[in-house]
Every structure is written in C-alpha cells, then in structure tokens.
Amino acid sequence: MNLPFAETLLATYVGCRARRQPVAPLAAFEAGEVRRILLILTTGIGDAILSSAIFPSIRAAFPAARIALFCRTGWCPLFRADPHLDEVIPYPGKFRQFFATLKTLRQFQPDLSLVLHGNDPDIIPLAYLAGSRFILRIPTRGTRFGDLLANAQRPEDQQTQPQLHYIDNRLRLLDTLGIPAVTRAPSIHLPQALLDRTQTRLRACIGERPYWVLHLHGADPYKSLPDSLGRELIALALERFPAHGLVLSGGPENRSVLKSLLPGNAKGRVCVAAGSFSLEESAACLAGAQAVVAPDTGILHLAAALDRPVIGLYAPTRANLVGPRAPGRTPLIIAKPLTCTPCLQKRCPYRPVTCMSQFSSAEILQALTPLLIP
C-alpha cells in the first residue's frame with residue numbers, strides 16, 4: 001500500500017478507532033505488567049546505531065519481557081545477534097507491505113512501544129493497530145499521530161534538547177519510564193561465523209597483514225571527504241605503513257571512484273570493499289580493523305559501536321552532538337570550524353570544495369600512526 005492517499009486514509013481509520021478504543025495514558029503505566037516491548041528504529045543506519053544504546057537499559061528494566069526491534073529491513077542483520085533482543089522485525093518502508101507488516105506486529109502483540117527514531121507516517125499507527133497499550137516518543141510536539149502517544153501530555157517530552165548529544169536525547173525515554181540508564185554508548189554484536197567468513201574474503205584480497213579502514217564518502221555529500229584528499233592519503237599511507245593493508249569502504253555508487261584513487265603499488269595491499277561487501281560484511285570488516293578513519297557517517301558510528309579505534313573527521317556537524325561513542329574506548333575526533341554560517345548542509349552549493357576540504361593528509365596520518373604502530 002504505497003498510494004498518494006494512504007496517509008489520509010490511515011489517519012481517518014485510526015482516528016475513528018482511537019475514539020472507540022483510546023490509548024492508555026502514561027499515568028496508567030505499570031512496569032510489572034509489561035510482557036512484550038517493541039523498540040522502533042526506522043531511521044538511517046547511523047541514527048539506528050546510536051539509538052541502540054538504549055537496548056541494555058530496557059533489558060535490565062524488563063528482564064522477563066520479550067523485546068523485539070522493529071527496524072529497516074536492510075539494518076536487521078546488524079541487530080539479530082544482540083543479546084538484549086529476542087527478535088528483529090523488518091520494516092519494508094513507508095506504507096510498503098503494510099498489511100503483512102501489521103500482521104507480524106499483531107502476532108508479536110506489544111504492550112509497550114518505544115519510538116526511538118522513526119519519522120515515517122505509518123509507524124505509530126502500526127504500533128497502535130498491533131495492540132500496543134502504551135506508545136512513547138520524544139519529541140511529542142509536532143508528531144504525526146501524536147494523539148496516540150501515552151506521553152503526549154508530559155511537558156518534558158515535547159521536544160528534543162538541542163544541547164544534548166543525540167544518544168542522550170534518545171535515552172530521555174528512560175526518564176519518562178522511570179528507568180536508569182545502564183550505558184550511554186551503543187554496542188554492536190556480530191556472529192562468529194560472519195566474522196570468520198569476512199576475514200577469509202579479506203585475506204584473499206590483502207593477505208594476512210593487519211589492516212585499517214578508510215571511509216571517504218557519506219550519504220550526504222557535504223559531509224564527505226574530497227577525492228583529492230583521499231588519493232593523497234592513500235598514497236602516503238601505503239608508504240608509511242608498508243606492513244598494513246587498507247580497506248576502502250562505501251556504497252556501490254562509490255566503487256568506481258575509489259578504484260580510480262589507487263596508486264600503482266596498491267595491488268595486494270588495498271581492498272575496495274565498497275559495492276562488494278554487504279552491510280553486515282562491512283561491519284565484520286570493521287570489527288577486525290586496527291583503526292577506522294571516517295567523517296560523520298554510519299560507518300564511523302558502526303566502527304565505534306564495535307569498539308574499534310576510530311578517527312572521526314568533523315566540520316559541518318558537531319561531535320559533541322552527533323559524535324561517535326564506544327563502549328570501551330574514547331574515539332579520537334579531528335574537528336574543523338564551519339566555513340559558512342549558518343551551515344547550508346544538504347543545500348551546500350560549494351561541492352566538491354566544502355568545509356571538509358580543511359583536513360590534511362599530514363594530520364590524519366599523525367593521528368593514525370600511534371594506532372597502527374604502537
């Protein structure tokens with residue numbers, strides 16, 4: 001069901017049903033009565049990873065409950081081995097396979113649904129129609145179908161706090177429920193079979209040598225590193241770290257550009273994983289890396305959540321608000337100032353020379369050296 005009038009039709013139906021079967025207010029919430037919890041994450045991969053920091057706290061607060069994650073189909077493999085979850089339910093996308101998805105959610109029968117991050121208009125109706133008595137989200141103000149939220153009348157939950165890190169804003173749902181935070185860092189868990197399979201693929205490309213990962217391109221071009229910087233960095237790194245291999249990550253759309261950046265001595269030492277490795281294989285590749293260098297992207301947050309040494313390159317975004325967090329180490333951040341105020345972000349007209357052009361190969365190599373050569 002992906003029709004132009006789908007949202008209006010859904011709003012009319014849900015509105016009529018909610019008048020007959022109103023949602024329960026937050027005041028009626030009893031933690032001891034919760035048996036099934038639906039955690040909703042239908043956003044981008046970076047936001048999904050950061051939001052997953054809430055999983056251990058929910059598990060600790062509801063040890064006997066069955067907990068399911070409802071997330072984008074493409075992200076599901078990253079979370080299936082998470083010990084804090086009992087199952088992962090795929091979200092095909094806005095109004096896609098709506099009735100099949102609703103059937104799956106009804107079979108799960110959630111008592112409590114927490115919208116960690118999801119702007120899709122069918123998310124809250126799906127939770128409501130699946131039978132969830134309590135649906136919570138922050139922010140509540142301006143939320144489509146906000147009248148279905150149990151915390152809609154809680155003033156503290158009306159909006160996100162702009163001075164807080166992204167994760168801390170997600171964890172505010174714990175305050176709403178009166179639950180303490182177990183951790184404030186995400187952690188990704190991968191099955192051993194995936195790790196072994198991916199390392200076998202890497203050995204076929206770069207041999208037995210240790211390796212580091214370089215990620216140049218973000219989903220948003222204004223956060224990507226210039227290709228000229230990538231070409232220079234790759235060449236210099238191959239000279240400075242002759243015992244190390246290099247893996248270039250990215251999407252299928254980046255593969256040809258990344259291959260064009262390779263110097264003549266890259267054969268047998270550089271693996272262009274972009275467009276060749278799946279998301280879960282890319283995660284397994286990151287898990288074995290001695291270091292990961294990337295701008296503000298999902299790959300950076302994924303590497304940090306896997307507790308690998310990361311070097312985050314930040315200019316148009318602020319690391320204190322959306323920087324990586326790791327469960328057992330402190331990520332290294334190299335930050336540059338904005339060159340435009342206010343930042344135009346996705347409307348940036350200055351590509352390929354953006355504020356990300358302020359970084360130099362020399363400073364990146366200086367930060368990288370102690371991670372590869374202790």
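The values are calculated or read from the model by the stated rules, or taken from the named source; none is laboratory data. As the structure is a computational prediction, the values presented were derived from the model and not from experiment. FYI the Cβ positions are ideal-geometry reconstructions off the backbone, even for glycines, and counts take in every protein chain you see. Ligands, DNA and RNA are excluded from the accessible area calculation, which covers all protein heavy atoms including side chains. Shrake-Rupley method; radii C 1.70, N 1.55, O 1.52, S 1.80 Å.
For the reader, a short list of remarks on this structure follows.
- Local electrostatic count, residue 41, Cβ distance below 10 Å [Lys/Arg +1, Asp/Glu -1]: +1
- For the chain, with all protein chains in place and a probe radius of 1.4 Å, 53% of the accessible heavy-atom surface sits on carbon or sulfur.
- Listed residue (176, 165, 143) projecting farthest to the positive dipole end of the stretch 90-192, Cβ model: 143
- Of the peptides 185-191, 339-345, 53-59, the ranking by mean beta-carbon count within 10 Å, highest at the top, reads 53-59, 185-191, 339-345.
- The stretch 320-374 and the stretch 200-238 have their alpha-carbon centroids 15 Å apart.
- Altogether, the Stokes-Einstein calculation at 4 °C and 1.567 mPa s, with the Kirkwood radius of the stretch 51-155 over Cα pairs as Rh, returns a diffusion coefficient of 91 µm²/s.
- Legend: residues 269, 351, sorted from most to least accessible area (1.4 Å probe; ligands, DNA and RNA excluded), read 351, 269.
- Candidate values (1) 5, 25, 33, 23, 11, 2, 0; (2) 5, 23, 30, 23, 14, 5, 1, 0; (3) 5, 20, 27, 23, 15, 7, 3, 1, label of the one derived for P(r) over Cα pairs in 10 Å bins from 0, in percent: (2)
- Using the Cβ-Cβ distance between residue 102 and residue 220 with R0 set to 51 Å, the FRET efficiency works out to roughly 0.95.
- Per residue accessible area in Å² of the chain, where ligands, DNA and RNA are left out and the probe is 1.4 Å: 44
- Chymotrypsin sites (Phe, Trp or Tyr not before Pro) restricted to the stretch 1-68 and DSSP loop, no more than 16 other C-beta within 10 Å: 5
- Nearby lysines by direct alpha-carbon distance to residue 94 (threshold 19 angstrom, same-chain neighbours under 8 apart not counted): 103
- About its Cα centre, the stretch 94-156 has a charge dipole of approximately 120 debye under the convention of +1 per Lys or Arg Cβ and -1 per Asp or Glu Cβ, with nothing else charged.
- Paramagnetic label zone (point 7 Å from Cα along Cα-to-C-beta, residue 344; backbone N under 14 Å) in the stretch 208-242: 221-223
- Candidate cross-link partners of residue 267 among the lysines, defined by an alpha-carbon separation under 25 Å and a same-chain spacing of 8 or more, comprise 259.
- Assigned charges on the beta-carbon of Lys, Arg, Asp, Glu; the chain dipole about Cα centre (debye): 420
- Net charge contributed by nearby residues that have their C-beta within less than 9 Å of residue 221 (K/R +1, D/E -1): +2
- Note: relative contact order over the chain, using C-alpha pairs below 8 Å and six or more positions apart, is 16 percent.
- Counting only lysines at least 8 places from residue 346 when in the same chain, those with an alpha carbon closer than 17 Å to its own are 223.
- Cα-centre dipole for the stretch 106-255 with unit charges at Cβ (Lys and Arg positive, Asp and Glu negative), debye to 20: 220
- Taking 0.36 nm per residue of sequence separation and removing the Cα-Cα distance, the residue 35/residue 257 pair yields an extension gain of 74.9 nm.
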